[in-house]
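Quick note: the coordinates plus some simple rules give every number you see, no bench work behind them. Every value quoted in this text rests on a predicted model; they were computed, and no experiment measured them. FYI the Cβ positions are ideal-geometry reconstructions off the backbone, even for glycines, and counts take in every protein chain you see.
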Amino acid sequence: MAHKSGFVSIVGNPNVGKSTLMNRLVGERISIITSKSQTTRHRIKGIVNHEDYQIVFSDTPGVVKPSYKMQEYMLEFSKSALGDADLIVYVTDVVEDIKKNEDFIEKVKKSGVPVLLVINKIDLSNQEKVEGLYTEWADIIPQAEIFPLSATEDFNVGNLFKRIVELLPEGEPFFGKDEFTDMPARFFVSELIREKILLHYEREIPYSVEIEIEEFKEEKTKISIRAIIYVERDSQKGILIGHKGEALKRVGTEARMDIERFFEKHVFLTTVVKIKKDWRSKEDDLKKFGYTQ
Ligand SMILES: Nc1nc2c(ncn2[C@@H]2O[C@H](COP(=O)(O)OP(=O)(O)O)[C@@H](O)[C@H]2O)c(=O)[nH]1
Ligand SMILES: [Mg+2]
């Protein structure tokens, strides 16, 4: 049998479970997941390697109407993921407004590649409702094959995976067979820190934060990391650090434990908070933080 290889883009609105699904399909914790919208900011690849095939999944930010520069880049990541895919996995769930997002759905329909439509979170619904959604979606994207599933409960994800493998084009692997992502180690460190900030802070704080890993020194059994947490304004710095530094300490401790699990090494993590005024709207800062293709 010839070797198969292809790019599979996972797209859809914010919060429908794209990152949860990708992690499930890849079997690694590549993308961070929270209940807040816009948790995913970049296009993140997760690679599945098998003797007979290689699948390169792309997790993407949810499709949003940009209201500042960073969101423009986020939308670009989602659009570009349609352009180079061999297969599109469009994710919706049992709670989102089905009418949202019509422009993007038009692009999905015109992509010229097979579309697998996932109705996620069926654990929150019942058979009758899911059948109703199935009929509606069959009407919206007639060419799509529809997979009702639950990413968190790992229900029916196996059938989706099997179908993806069947639809993969023949070809040689694009990445080394020992790689599971194209993102550098530093990226995962910054994402795990950002995840804790998304979990523990409210309002605009999580959205105003960007993380730079200034130092990442890996030795045989330990890694020393120095992370700079940028916020946009002075008042945010105070909130982030918290009374007697307790809030920031919690972020550091929880992130360190996750980073240790990820790299299977001891981790020494130092965090510093700095202000970078309005970085989310500044082209130069965004470039520096990697928001370009
Ligand atoms: N009940 C339920 N919740 C889910 C499921 N999949 C994802 N979620 C939750 O939905 C939220 C958003 O998930 P995430 O993967 O970050 O969504 P994304 O923004 O599309 O990447 C998180 O709180 C997940 O735990 C599912 O199958 N069932
Ligand atoms: Mg996500």
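For K287, the aspartates and glutamates whose Cα comes closer than 19 Å to its Cα, not counting residues fewer than 8 places off in the same chain, are E72, E76, D182, E191, E210, E212, E214, E232, D278.
Within the set of other residues whose C-beta is less than 15 Å from the C-beta of E179, count the net charge using Lys and Arg as +1 and Asp and Glu as -1.
Numbers: positive: K45, K177; negative: E28, E172, D178, D182.
Every neighbour counted, the sum reads -2.
When the Cα positions of T20, S235, L192 are compared along the charge dipole of the chain, S235 comes out farthest toward the positive end, with charges on each C-beta of Lys, Arg, Asp and Glu. Relative contact order of the chain, taken over Cα pairs closer than 8 Å and 6 or more residues apart, is 18 percent. For the chain, the longest principal axis of the C-alpha atoms and the axis of helix 127-140 are separated by about 80°. Classify the range 234-293 as rounded, prolate or oblate, taking a ≥ b ≥ c as the square roots of the eigenvalues of its Cα gyration tensor: rounded when a/c is under 1.5, otherwise prolate if a/b is larger than b/c and oblate if not. Judged from the Cα gyration tensor, the range 234-293 comes out oblate (a/c at least 1.5, b/c at or above a/b).
Just for the chain, what percent of DSSP beta bridges are antiparallel, to the closest 5?
Values: 16 of 48 bridges.
Given both bridge residues lie in the chain, the antiparallel proportion sits at roughly 35 percent.
Here the Gaussian network model covers the chain, with springs between Cα atoms less than 10 Å apart; of A255, A85, A138, A138 fluctuates the most. Output the 0 to 90 degree angle, nearest 10, between the alpha-carbon long axis of helix 246-263 and the longest principal axis computed from the alpha carbons of the chain. Between the helix axis and the principal axis of the chain, the angle is about 50 degrees.
How much length, in nm to one decimal, is gained on full extension between K287 and V165, taken as 0.36 nm per residue of separation minus their Cα-Cα distance?
Values: separation 122, 0.36 × 122 = 43.92 nm, distance 3.54 nm.
Using 0.36 nm per residue and subtracting the Cα-Cα distance, I get 40.4 nm.
Taken along the Cα-to-beta-carbon direction at a fixed 7 Å, the label points for K249 and S80 span 4.2 nm. Helix 69-83 and the long axis of the chain differ in direction by around 30°, with both axes built from C-alpha atoms.
DSSP beta bridges in the range 12-169, what fraction antiparallel, as a percent rounded to 5? Write down the numbers at each step before the final one.
Working: 7 of 18 bridges.
If we restrict to bridges inside the range 12-169, about 40 percent are antiparallel.
Which FRET efficiency, nearest 0.05, do H50 and E218 yield, Cβ-Cβ r, R0 22 Å? Intermediate results must be reported in sequence, preceding the final value.
On the way: r = 28 Å, r/R0 = 1.29.
So, using R0 = 22 Å, E works out to roughly 0.20.
Determine, from the Cβ-Cβ distance of Y134 and H3 and an R0 of 51 Å, the FRET efficiency 1/(1 + (r/R0)^6), rounded to the nearest 0.05.
0.90
Express as a percent, rounded to the nearest 5, the fraction of DSSP beta bridges in the range 212-293 (both residues included) that run antiparallel. Expressed as a percentage, antiparallel bridges in the range 212-293 total about 40.
Tell me the Kirkwood radius of the chain: reciprocal of the mean inverse pair distance over distinct alpha-carbon atoms, in Å. Don't skip to the answer; put the middle values down first.
Values: mean 1/r = 0.0496 Å⁻¹.
Value: 20.2 Å, from the Cα pair sum.
With a/c under 1.5 counting as rounded, go ahead and sort the range 194-293 into rounded, prolate or oblate using the C-alpha gyration tensor (a ≥ b ≥ c being the square roots of the eigenvalues; past the cut-off, prolate if a/b is larger than b/c, else oblate). Judged from the Cα gyration tensor, the range 194-293 comes out oblate (a/c at least 1.5, b/c at or above a/b). Shape verdict for the range 66-194, please, from the Cα gyration tensor: rounded (a/c under 1.5), prolate (a/b greater than b/c) or oblate. Rounded, since a/c falls under 1.5.
Taking the Cα centre of the chain as origin, sum charge times position over the Cβ atoms of Lys and Arg (+1) and Asp and Glu (-1), and report the length of that vector in debye to the nearest 20. Don't jump to the answer; show the numbers that get you there.
On the way: 44 positive and 49 negative charges, 248 e Å.
Charge dipole, the chain, about its Cα centre: 1180 debye, nearest 20.
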